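Everything below concerns the one structure shown next.
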Amino acid sequence: MSKISAHLPSWITPFSVISQIARRIRIIPLVVLLISTVPAWFLMEAITPQVVRAYTARVDLAIDRLPEENYETILRRAEAAARAAAQRSFDQDILVTDVSIIVSVQNDGAIAPVLALDVSRPQWRSRPDAQNWATYFKTARSLLFFENNSNTVPATGGVPTKK
């Protein structure tokens, strides 16, 4: 005995029912995905700490030598200027964590850095004194022509002149 079954051609089988079911299956995960992302984003923002955007303030100061001023007096003025600039930098911006200041002096056309002040906010808060945190450049005295307390600029060699 053989079994007889009716076989319908494939173009007659109704696929509209299958396509509607498949469309619903695709829409449900999409809706779940869209609905769950916003609460997940809020949760991650609440749990994870925000990135702190701190930075170092850099200041370059230039002061001119006053008449009859010696090198030690210029250093005191440079320290006062660096102290004021550091305090101003910390006061103006709360995100500044470190300050880096370079003070240069001009004397008779020569310019040289005399001190660098590098200090963090906690260090400055504990001891706001420029002398504690300053680095002094030893060669500045000679570069500014202050050796032996002479105020004259040494001859640099010259251009021959015609007689």
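Largest first, how would ARG83, ARG127, ARG53 line up by accessible area (1.4 Å probe)?
Listed by decreasing accessible area, they come as ARG53, ARG127, ARG83.
Run a plain Debye calculation on the range 27-121 (Cα atoms as equal point scatterers, no solvent) and give log10 I(q)/I(0) at q = 0.13, 0.24, 0.25 Å⁻¹, rounded to two decimals, same order as the q list.
Cα-only, vacuum Debye calculation for the range 27-121: -0.59, -1.12, -1.16.
Ranked from the most accessible area to the least, with a 1.4 Å probe and all protein chains present, what is the order of SER126, SER120?
Details: SER126 90, SER120 25 Å².
Most to least solvent-accessible, the answer reads SER126, SER120.
Quick query: amide H of GLN106 versus all other amide H atoms, modeled in the peptide plane; which residues come in under 5 Å with a sequence gap of 5 or more or a different chain?
For GLN106, the qualifying residues are ILE63, ASP64, ARG65.
With a 1.4 Å probe and every protein chain left in place, tell me how much accessible area PHE137 has, in Å² to the nearest 10.
PHE137 has an accessible surface of roughly 70 Å² with all protein chains in place.
The values are calculated or read from the model by the stated rules, or taken from the named source; none is laboratory data. In this text, all values refer to a predicted model and were calculated from it rather than measured experimentally. In case anyone asks, the SASA skips ligands and DNA or RNA and just uses the protein heavy atoms, side chains included. Shrake-Rupley method; radii C 1.70, N 1.55, O 1.52, S 1.80 Å.
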